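One structure below.
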Amino acid sequence: MRCWNCQSEVTAADVCPDCGKVQPVAQGTTLFDVLGLPRGVDVDKAELERAYRERSLRLHPDRAGKDDPRERRLSLERTALLNEAYRTLRSPEPRAFYLLKLHGLDLLKDEARAVSVPADVLEQVLDLREQLDSARTAGDDEQVTALSDRVRVQSATTLSAAQSALRRLERSPGDAVARDEAAQALARLRYHHRFLEAAEASDEDEA
């Protein structure tokens with residue numbers, strides 16, 4: 001890959017080492033690549049913060065030539081992608097969903113319908129929602145809090161299971177069992193999130 005401005009070789013660099021112009025994003029670039037981080041379930045938080053700050057300064061649109069609309073456009077695109085990478089990779093849950101997306105399944109889109117959640121899990125979710133509705137109707141704030149705490153514990157356990165499956169999948173990308181386990185766990189996690197959102201909404205309504 002060559003620099004659009006000076007034609008120097010830039011490989012996958014975000015800025016040309018010779019002329020300093022911001023470069024287009026190379027095809028196949030992941031959010032891990034955007035921050036220069038190793039791809040994986042676990043991320044060094046300090047390294048992520050350092051990489052984000054460093055690249056934010058280097059790619060900021062104000063540093064692009066004001067008389068060069070192409071470079072300014074590329075700076076804006078790069079900065080937007082950098083912010084997306086930071087938001088996605090700094091927390092374990094969105095990072096897990098993103099890793100599964102890299103393996104071909106985006107649970108935040110229509111592909112979520114392709115994941116079959118076991119009937120017993122759905123029954124547990126429905127039971128919890130019924131308990132939440134009953135507690136809310138009775139004005140039992142302690143019960144609402146207790147139910148929320150229980151679901152948060154379940155969420156932590158479910159996320160751990162998803163991460164374990166994703167580590168196996170990263171080591172062996174063709175492992176269909178690991179991919180399915182990760183998808184199942186993250187699908188359950190979405191139900192947990194919906195429950196907690198409903199519980200928090202009830203608290204806000206009463207406030």
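At-a-glance table
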{"item": "Of all residues in the stretch 116-151 being within 16 Å of residue 188 (Cβ to Cβ) and touching a Leu at 6+ places or on another chain (Cβ under 7 Å), the one that is modelled with the highest pLDDT", "result": "151"}
{"item": "Selection from the stretch 6-25 of residues that are surrounded by 14 or more Cβ atoms within 10 Å (Cβ to Cβ) and among the β-branched types (Val, Ile, Thr)", "result": "10, 15, 22, 25"}
{"item": "Some residue of the stretch 161-175 being more than 30 Å from residue 43 (Cβ to Cβ) and of a type in the set (S, T, N, Q)", "result": "no"}
{"item": "Failed item in (1) surrounded by fewer than 15 Cβ atoms within 10 Å (Cβ to Cβ); (2) under 30 Å from residue 83 (Cβ atoms); (3) at pLDDT 90 or above, with residue 110 passing the rest", "result": "(3)"}
{"item": "Every residue from the stretch 30-65 that is assigned to a helix (DSSP H, G or I), in contact with a Leu (Cβ under 9 Å, 6 or more places away or on another chain) and without any contact (Cβ under 8 Å) to a residue 40 or more places away in the chain", "result": "47, 51, 52, 56, 61, 63"}
{"item": "Subset of the stretch 75-93 (residues that are part of a helix (DSSP H, G or I) and under 17 Å from residue 167 (Cα atoms))", "result": "89, 92, 93"}
{"item": "Test result for residue 3, surrounded by 17 or more Cβ atoms within 10 Å (Cβ to Cβ) and free of Cβ contacts under 8 Å to residues at least 40 places away in the same chain", "result": "yes"}
{"item": "Those residues of the stretch 26-80 which are of a type in the set (Gly, Ala, Ser), more than 23 Å from the chain's Cα centre (by Cα) and crowded, with 18+ Cβ neighbours inside 10 Å, in sequence order", "result": "64"}
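The values are calculated or read from the model by the stated rules, or taken from the named source; none is laboratory data. Since this is a predicted model, take the numbers as computed values, not measurements. Heads up, the Cβs are rebuilt from the backbone with ideal geometry, glycines too, and the neighbour counts pull from every protein chain shown.
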